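Engineer: Below is a structure I'd like to ask you about.
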Number of protein chains: 2
Amino acid sequence: MKVKFGVDEWRIIEQEFDPAANRFSESIFSLGNEHMGLRGFFEEDYSGDSLPGTYLAGVFYPDKTRVGWWKIGYPEFFAKMINSANWIGVKIASGGASLDLAQCRIRDFRRELDMKEGRLTRSFVWSGADGRETACCFTRFLSMAENNLACLAVEITPLNYAGTLSLTPYLDGDVVNEDANYAEQFWEEVAQTVASDWALLVMRTKKSEFTVATAMAVQLFLDRDEVFPSREAIAAPQKVGWSCEVQVEQGQKLTLHKLIAVCTSRDYPVAGLNEICLAKLRGAAAQGYAALWAEHRREMTRKWEESDLTIRGDHLAQQGIRYNIFQLNQTYTGKDPRLNIGPKGFTGEKYGGGTYWDTEAFCFPFYLYTDPEVARNLLYYRYLHLQRARENAAQLGLKGALYPMVTVDGRECHNEWEITFEEIHRNGAIAYAIYQYTEYTGDSSYLIQYGLEVLVELSRFWASRVTYQPRRDQYLILGVTGPNEYENNVNNNWYTNTMAAWTLEYTLNSLETVRRGAGAALERLVARLGLDPSELRQWAAIIAKMYYPRCEAAGIFEQNDQYLDKEMQLVSELDPAELPLNKHWSWDRILRSNFIKQADVLQGLYFFPERFDRECLRRNFDFYEPRTVHESSLSASVHSILASRIGYRDKAYELYLRTARLDLDNYNADTDDGVHLTSMAGSWLAIVQGFAGMLVREGRLQLNPYVPAQWQGYSFQIAFRGRKLKLEIAADRVCIRQLSGEALSLDIWGRECLTQPGQRTVIPARPESAPRVQDAG
Amino acid sequence: MKVKFGVDEWRIIEQEFDPAANRFSESIFSLGNEHMGLRGFFEEDYSGDSLPGTYLAGVFYPDKTRVGWWKIGYPEFFAKMINSANWIGVKIASGGASLDLAQCRIRDFRRELDMKEGRLTRSFVWSGADGRETACCFTRFLSMAENNLACLAVEITPLNYAGTLSLTPYLDGDVVNEDANYAEQFWEEVAQTVASDWALLVMRTKKSEFTVATAMAVQLFLDRDEVFPSREAIAAPQKVGWSCEVQVEQGQKLTLHKLIAVCTSRDYPVAGLNEICLAKLRGAAAQGYAALWAEHRREMTRKWEESDLTIRGDHLAQQGIRYNIFQLNQTYTGKDPRLNIGPKGFTGEKYGGGTYWDTEAFCFPFYLYTDPEVARNLLYYRYLHLQRARENAAQLGLKGALYPMVTVDGRECHNEWEITFEEIHRNGAIAYAIYQYTEYTGDSSYLIQYGLEVLVELSRFWASRVTYQPRRDQYLILGVTGPNEYENNVNNNWYTNTMAAWTLEYTLNSLETVRRGAGAALERLVARLGLDPSELRQWAAIIAKMYYPRCEAAGIFEQNDQYLDKEMQLVSELDPAELPLNKHWSWDRILRSNFIKQADVLQGLYFFPERFDRECLRRNFDFYEPRTVHESSLSASVHSILASRIGYRDKAYELYLRTARLDLDNYNADTDDGVHLTSMAGSWLAIVQGFAGMLVREGRLQLNPYVPAQWQGYSFQIAFRGRKLKLEIAADRVCIRQLSGEALSLDIWGRECLTQPGQRTVIPARPESAPRVQDAG
């Protein structure tokens, strides 16, 4: 894999502008602050290939669904995260020439994302056809402190001439979504104003009726002195701005500060929206660029204190994991429980910005371990959608609740029957997240207040979705698609059956726990949901008689019925030129092959380490992993964690590498569409759950850490039951610094140890305690 | 089922205009002549709900494919039969008022399709707001004798006033397809001319580059005298015509004859197209309306002599079967082997006018029995597409040839993976049609010249599509969709496995037969296709070890693996309000249910009566039919034939009724979209193969006829190996009139009998020879 960007622990550095790779770089250099975000496209005009995307969290458009043949139960629309008014635009001209990197000659190009500070800068020298040399530098940040605000600075210096520089800062609502089905415009203009020192553009979506006010103010400086050139207003349809010209001496620096406020009707009533937006802009202008920057940096520092993970002895790995954490924190901070984590965050339009099971299965533990309140908001998001999940199940003729495969507001947005109707295991991950939260935090208040209601409805769904087969006296689950989407419409997917029975069991256990602890709350719930003892008996019967396909001869679980009837082949037997299969093989061939897209049986073994011993895990891993092409960005991390658990350290590291720098090294050649946000959490988990072997069992924190041979050590911080712990892992010892909270007893390498607040505890490794097993492959 | 139309043996009569049912009536009153066709929409302006469709055989548009998520192997386009220039249009006004049946008051409405003569008439009295009463009558026909021509007559009579009538005959190219994805215009104008006595409009499709010239000439008469009012030319974009006014006395009849010629670049070089079209128009004008009408009637009479089927004692049934034969003959006459039979003929746009396996499985025998040359052209159509079928298989990574599920030019047009990639049994029906043709006609020249090459490529496909399963030492076919499209992506569909193995066997046998009879031809073919003895050995191995799912306990074949794991329910247990399931149940629920859309195992038993005894047929019928909802229009006819074979006569008749008047009685409430052309052949087969029990075994014609209790008798004509036979079936006897050809020995009720040319042979029934079995259900 070619490393494109300069290696630095805190920065992503691009030292050459490659127009052919522009979309890739735009994805990588995306910024966000939970409320809004944008790709790394340019401030000035650019006539080359680009995906100029500016997105607002939760602002979607119900675009028509493209579908071959509509089937009952399909949604009428596919919600799309919507490209919204471009607020970074600044046209730049020197003399008669306009700056456009697709047309102009430049040198000394450098683009740099400072992950620590959350800032993107770009600089180069523009060599004009007339011999003029102009230094240009752009800086932007989206405030993490006040997420309606963003700032950018443009600095222009004539190096070998004196002359007139022309700057045209603007807001432009005339944008389209690249993934629009019909190249339809999603927005219409509501209002615009260009005043002397501010401009406002108000746009409304055509169908979903989101109104968005975007306001800007600009300041100009010649070196350090503010200047006030005359401004010519621009007030075109869907566009506002000013044009101004400044006479600049050789070597003088012309600086433009552009301050932006973006407010949406998601957050404020439409009636006062414009005033609120202008008030925020005025407040920002009063503070000024430097103060806004300082405020933003403080918040960035705080986020990093919570979530940083350091790696000693491997700069590439360090850069990779920090990039992943950075993008996760830019995308979702948990301030707004109406939001969730789109698979591309703010970095692209693919997957429509919707919520997938990725959230619960991959992202959730990252937030849970670093900031449990954020995780709780992710759970609450699903509670808010419970009624729509009930409606979704009813639409299919089933009881209880079926959460959508893809959603933005609780309704199903996806339109392939084999996914929408059949990839129902997603319900299992939602139950599992409730379990994980309760188990990790020891706080059952979420379970009692909200979680139990969700669990009951999920259980009702499973109870109505199973088929009792009298000949076998067993319960089957027919017609599903497992996590391995390279098989569709199979019977008795082991993972799905496992998650279904587990959900019923966890629900029954939770009802019992709550009955003992919060009887009154339970009684109200039982009455409200009409929960009946016969229902609970039915659940118990299903648990007892659930069918789990297995192959006794091989000592493995069978992915689903008849998986083993397929022609058996290993990935190692494939011609590498045919990989990835989904770019080379017909769908027919993929479906009929035994190749697996992502962990399926192994996903279940990952979730329930206490239920299956290491030998069982090893047999299944040895069978399935060599048949897995990892063509989901979510696959490698789970496999890496399992390899760590088995003791396949080389394999664990190899798989970790596939997740850790997936986007920076464009491993799947698809980062042009945006980064793989939800898989980024997986790389963090591969370290924390994999290398460090972190688990919580019956309320007790356990670690079984090792250090990959390629590293010297690593450290990370977790929040656990009111404590903050910083864990430093080295090959020969673990150091725990307890930053807050009460003393804690935990297990390291199976040995009990106690940490104290404010203290640093060192646990030396004993060689025999780090299991070593012969590596597979 | 409500009978909407007047019952008449030769006519379909509508006596009331129901705007809410207008689309339904438009479908029913469609006309065609293989080359072109149109729905029964109105000549005059109509502002109500309507689907004004004018279609040209083989003229298609490659519209963009709508699809959720594109998968490798999907086609880039969906071909659509394209709505083309409206040539029936005549605006009508009396005084200041325009005729529009959505706005005007009318009485004595009558619309009548004369099936014998192939003519549509419509008449009514228009009662104007000003008290004016005007009698209007419209007649149209599409010449079966010269299929570039069509004629229409408009007769207007002021009943209680004298005044000016205004007529505006026109051609209008500004039409859209209702099933366009993007409401895109498919046509652009190439040229137009309005001369004094003719007008020409030339349109070209935007992508597929078909050019179509449409020309018209009109004559006007007052009572019987031709009149020549001054004409005002209309030459608007995509529209040509004239407007003229005629002063008419009370009781005088103003008649307009509009003669039309339509020529396409499918048939003539573009360069001379306009001249050819005008020459045809001039020829028609020289002949005049009456002569064209006489010529058309002669051809209609000839067609009916070949294909009529009479039923004694049941006018409803008689009307129904004649309507079906009428539509079949209007749609496809076999003159052009580049054409085929769209599921809606010229009566609607649904299914895009493409060719489906319906042709071979359902339509083919109708043409084979009535005119084998037509059937041969249907086979040849597939031969012409063999290269594209090879490319289609290669695109999926398979060998040999896979014919498309839907096609218009040999390329696949459908875009659902579970159909396109998996409903591969279609290949079996294409092989079976070759077998049927050869067996029925005794003519192996098609097999030798073309058929064998197709068979070899079909066999290669199957040989590459099977999976050898070493644990079982059997060949499996994984991941298919059978004829029952209410299960998708199943393993080992019994019908598919049966057709695959049978195709291999028939190919091997044919190779052997041809080796004996036409060795040199075979050697050339073997050399050209690189056919290798090891390939033939592999085919033999597959035949020997093909796996056929069955349930020994029930003595039935299992539709596919795990079908019997489903919850077993009968259609009789369903709430009738939930039928049809495809309008009430989610796709998920349908897929997981045991309900069957159309014959699947039974389709196989239908094809191979010599392989499975009646007891086996009965057990499978008794099991599957009660689980079949017949939601394909193709299902009931096959079941009816099988019921006849078993001796379930009531059931056979009940199922026959579902096919016989499917459209006239709008049984499935979907005739608005067009009639069910390909199922119409099924009702003919239900009589000929079912009630009459006609079969050809080892070259010998066999009949085992009975008369349904509701009828007195029936008769039909067949062409068999150079003979024409008219068969008249009564309860107590069969009469055979041999119209042409040599003497023939055949079996009736298992008894050998001999017919002689020009003679009428009467075979009396013997009661014991007509099998009676207790009826099911």
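Engineer: Could you give every pair whose Cβ atoms fall below 8 Å, whose first residue belongs to the stretch A:533-555 and is closer than 16 Å to residue A:458 by Cα, and whose second residue is polar (S, T, N, Q) and not in a loop (DSSP other than H, G, I, E, B), counting only separations of at least 6 or pairs across chains?
Structural biologist: From the stretch A:533-555, the pairs are A:539/A:459; A:539/A:507.
Engineer: If you check residue A:615 against the conditions, is it surrounded by fewer than 18 Cβ atoms within 10 Å (Cβ to Cβ), away from chain B (no Cβ under 14 Å) and of a type outside the set (Phe, Trp, Tyr)?
Structural biologist: On the way: surrounded by fewer than 18 Cβ atoms within 10 Å (Cβ to Cβ): yes; away from chain B (no Cβ under 14 Å): yes; of a type outside the set (Phe, Trp, Tyr): yes.
In short, yes.
Engineer: Within the bounds of the stretch B:104-114, is there any residue that is closer than 24 Å to residue B:242 by Cβ and buried (at least 22 other Cβ atoms within 10 Å of the Cβ)? Talk me through it step by step, then tell me what you get.
Structural biologist: Just the residues of the stretch B:104-114 that are closer than 24 Å to residue B:242 by Cβ, to begin with: B:104.
Still in the list and also buried (at least 22 other Cβ atoms within 10 Å of the Cβ): none.
No, the stretch B:104-114 contains no residue that is closer than 24 Å to residue B:242 by Cβ and buried (at least 22 other Cβ atoms within 10 Å of the Cβ).
Engineer: Would you confirm whether any residue within the stretch B:207-216 is touching an Asp or Glu at 6+ places or on another chain (Cβ under 8 Å) and either open to solvent by less than 30 Å² (accessible area, probe 1.4 Å) or closer than 18 Å to residue B:170 by Cα (or both)?
Structural biologist: Kept after step one, since they are touching an Asp or Glu at 6+ places or on another chain (Cβ under 8 Å), are these residues of the stretch B:207-216: none.
Looking for residues that are touching an Asp or Glu at 6+ places or on another chain (Cβ under 8 Å) and either open to solvent by less than 30 Å² (accessible area, probe 1.4 Å) or closer than 18 Å to residue B:170 by Cα (or both), one finds none in the stretch B:207-216, hence no.
Engineer: How do the helices (runs of 4 or more DSSP H) wholly within the stretch A:358-438 filter down when requiring 1 or more residues that are within 15 Å of residue A:73 (Cβ to Cβ) and within 14 Å of chain B (Cβ to nearest Cβ): which remain? Steps first, answer last, please.
Structural biologist: Working: elements: A:364-370, A:372-384, A:386-395, A:417-420.
Because the criterion is at least 1 residues that are within 15 Å of residue A:73 (Cβ to Cβ) and within 14 Å of chain B (Cβ to nearest Cβ), the helices (runs of 4 or more DSSP H) in the stretch A:358-438 that meet it are A:386-395, A:417-420.
Engineer: May I ask you to list the residues in the stretch A:339-357 that are among the small types (Gly, Ala, Ser) and assigned to a loop (DSSP other than H, G, I, E, B)?
Structural biologist: Narrowing the stretch A:339-357 to residues among the small types (Gly, Ala, Ser): A:342, A:345, A:348, A:352-354.
Within the stretch A:339-357, A:342, A:345, A:348, A:354 meet the criteria.
Engineer: Here's a follow-up. I'd like to know if the stretch A:550-566 contains one or more residues that are of a type outside the set (A, V, I, L, M, F, W, C), within 14 Å of chain B (Cβ to nearest Cβ), over 32 Å from the mean Cα position of the chain (by Cα) and surrounded by fewer than 18 Cβ atoms within 10 Å (Cβ to Cβ).
Structural biologist: Looking through the stretch A:550-566, at least one residue is of a type outside the set (A, V, I, L, M, F, W, C), within 14 Å of chain B (Cβ to nearest Cβ), over 32 Å from the mean Cα position of the chain (by Cα) and surrounded by fewer than 18 Cβ atoms within 10 Å (Cβ to Cβ).
Engineer: Oh, and also: For the stretch A:449-499, give me each residue that is surrounded by 22 or more Cβ atoms within 10 Å (Cβ to Cβ), closer than 30 Å to residue A:522 by Cα and facing another protein chain (nearest Cβ under 9 Å).
Structural biologist: Once the filter is applied, which keeps residues that are surrounded by 22 or more Cβ atoms within 10 Å (Cβ to Cβ), closer than 30 Å to residue A:522 by Cα and facing another protein chain (nearest Cβ under 9 Å), the stretch A:449-499 yields only A:465.
Engineer: Can you name the residue in the stretch B:307-330 that is at pLDDT below 95 and open to solvent by 40 Å² or more (accessible area, probe 1.4 Å) and is also nearest to residue B:679 (Cα to Cα) among such residues?
Structural biologist: For the stretch B:307-330, the residue satisfying everything is B:316.
Engineer: Same structure, new question: Could you please let me know if residue A:304 is crowded, with 16+ Cβ neighbours inside 10 Å and in a helix (DSSP H, G or I)?
Structural biologist: Yes; evaluated as a whole, the condition is true for this residue.
Engineer: Tally time: how many residues in the stretch B:635-652 are open to solvent by 10 Å² or more (accessible area, probe 1.4 Å) and modelled with pLDDT under 95? First the steps, then the outcome.
Structural biologist: Keep residues of the stretch B:635-652 that are open to solvent by 10 Å² or more (accessible area, probe 1.4 Å), which gives B:644-645, B:649-651.
Still in the running and modelled with pLDDT under 95: none.
Summing the residues that are open to solvent by 10 Å² or more (accessible area, probe 1.4 Å) and modelled with pLDDT under 95 in the stretch B:635-652 gives 0.
Engineer: It is to be established whether one or more residues within the stretch B:113-130 are modelled with pLDDT under 95 and either of a type in the set (A, V, I, L, M, F, W, C) or within 22 Å of the chain's Cα centre (by Cα) (or both). Let's see the steps before the verdict.
Structural biologist: Of the stretch B:113-130, the ones modelled with pLDDT under 95 are B:128-130.
Then keep just the ones that are either of a type in the set (A, V, I, L, M, F, W, C) or within 22 Å of the chain's Cα centre (by Cα) (or both); that gives B:129.
Within the stretch B:113-130, one or more residues are modelled with pLDDT under 95 and either of a type in the set (A, V, I, L, M, F, W, C) or within 22 Å of the chain's Cα centre (by Cα) (or both).
Engineer: Right, another one. What single numbered condition from (1) touching a Phe, Trp or Tyr at 6+ places or on another chain (Cβ under 9 Å); (2) open to solvent by 20 Å² or more (accessible area, probe 1.4 Å); (3) among the acidic types (Asp, Glu) fails to hold for residue A:371?
Structural biologist: That leaves (1) as the condition not met.
Engineer: Here is a further query. So residue A:595 clears everything in (1) closer than 20 Å to residue A:491 by Cβ; (2) open to solvent by 10 Å² or more (accessible area, probe 1.4 Å) except one condition, right? Which one?
Structural biologist: That leaves (2) as the condition not met.
Engineer: Look at residue A:434 and say whether it is crowded, with 24+ Cβ neighbours inside 10 Å and of a type in the set (A, V, I, L, M).
Structural biologist: Numbers: crowded, with 24+ Cβ neighbours inside 10 Å: yes; of a type in the set (A, V, I, L, M): yes.
Yes, satisfied.
Conditions tested, residue by residue: (1) within 22 Å of the chain's Cα centre (by Cα); (2) under 20 Å from residue A:179 (Cα atoms); (3) free of Cβ contacts under 8 Å to residues at least 60 places away in the same chain; (4) not in a loop (DSSP other than H, G, I, E, B).
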{"site": "A:21", "(1), (2), (3), (4)": "no, yes, yes, yes"}
{"site": "A:37", "(1), (2), (3), (4)": "yes, yes, no, yes"}
{"site": "A:48", "(1), (2), (3), (4)": "no, yes, yes, no"}
{"site": "A:61", "(1), (2), (3), (4)": "yes, yes, no, yes"}
{"site": "A:79", "(1), (2), (3), (4)": "yes, yes, no, yes"}
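Engineer: Being touching a strand residue (DSSP E or B) at 6+ places or on another chain (Cβ under 6 Å) and of a type in the set (Lys, Arg) is the filter here; which residues of the stretch B:310-336 pass it? Don't jump to the end; show me each part of the working.
Structural biologist: Of all residues in the stretch B:310-336, those touching a strand residue (DSSP E or B) at 6+ places or on another chain (Cβ under 6 Å) come to B:310-312, B:317-318, B:321, B:330-331.
Scanning the stretch B:310-336 gives a single hit, B:312.
Engineer: Still on this model: Would you list the helices (runs of 4 or more DSSP H) that sit entirely within the stretch B:560-655 and hold 3 or more residues that are more than 18 Å from residue B:429 (Cβ to Cβ)? Break it down into steps so the answer makes sense when it comes.
Structural biologist: On the way: elements: B:581-584, B:587-592, B:601-607, B:614-624, B:635-646.
Output list reads B:581-584, B:587-592, B:614-624, B:635-646.
Engineer: Restricting to the stretch B:573-592, what's the tally of residues that are away from every other protein chain (no Cβ under 12 Å) and surrounded by 14 or more Cβ atoms within 10 Å (Cβ to Cβ)? Talk me through it step by step, then tell me what you get.
Structural biologist: Looking only at the stretch B:573-592, we keep the residues that are away from every other protein chain (no Cβ under 12 Å), and these are B:573-577, B:579.
If we keep only those that are surrounded by 14 or more Cβ atoms within 10 Å (Cβ to Cβ) as well, we get B:574, B:579.
Residues in the stretch B:573-592 being away from every other protein chain (no Cβ under 12 Å) and surrounded by 14 or more Cβ atoms within 10 Å (Cβ to Cβ): 2 in total.
Engineer: Mind listing just one residue for me: the one in the stretch A:404-431 that is farther than 29 Å from residue A:59 by Cβ and among the charged types (D, E, K, R) and, of those, surrounded by the most Cβ atoms within 10 Å (Cβ to Cβ)?
Structural biologist: A:422
Engineer: Mind listing whichever residues of the stretch B:653-704 are among the hydroxyl-bearing types (Ser, Thr, Tyr) and modelled with pLDDT of 90 or more?
Structural biologist: Step one: list which residues in the stretch B:653-704 are among the hydroxyl-bearing types (Ser, Thr, Tyr), which gives B:653, B:656, B:659, B:667, B:671, B:678-679, B:683.
B:653, B:656, B:671, B:683 - these are the residues of the stretch B:653-704 that are among the hydroxyl-bearing types (Ser, Thr, Tyr) and modelled with pLDDT of 90 or more.
The values are calculated or read from the model by the stated rules, or taken from the named source; none is laboratory data. The shown structure was predicted, so the numbers you read here are calculated from the model rather than taken from an experiment. Don't worry about glycine lacking a Cβ; one is built from the backbone with ideal geometry, like all the others, and counts go over all protein chains shown. Keep in mind that these areas ignore ligands, DNA and RNA; they rest on the heavy atoms of the full protein, side chains included. Shrake-Rupley method; radii C 1.70, N 1.55, O 1.52, S 1.80 Å.
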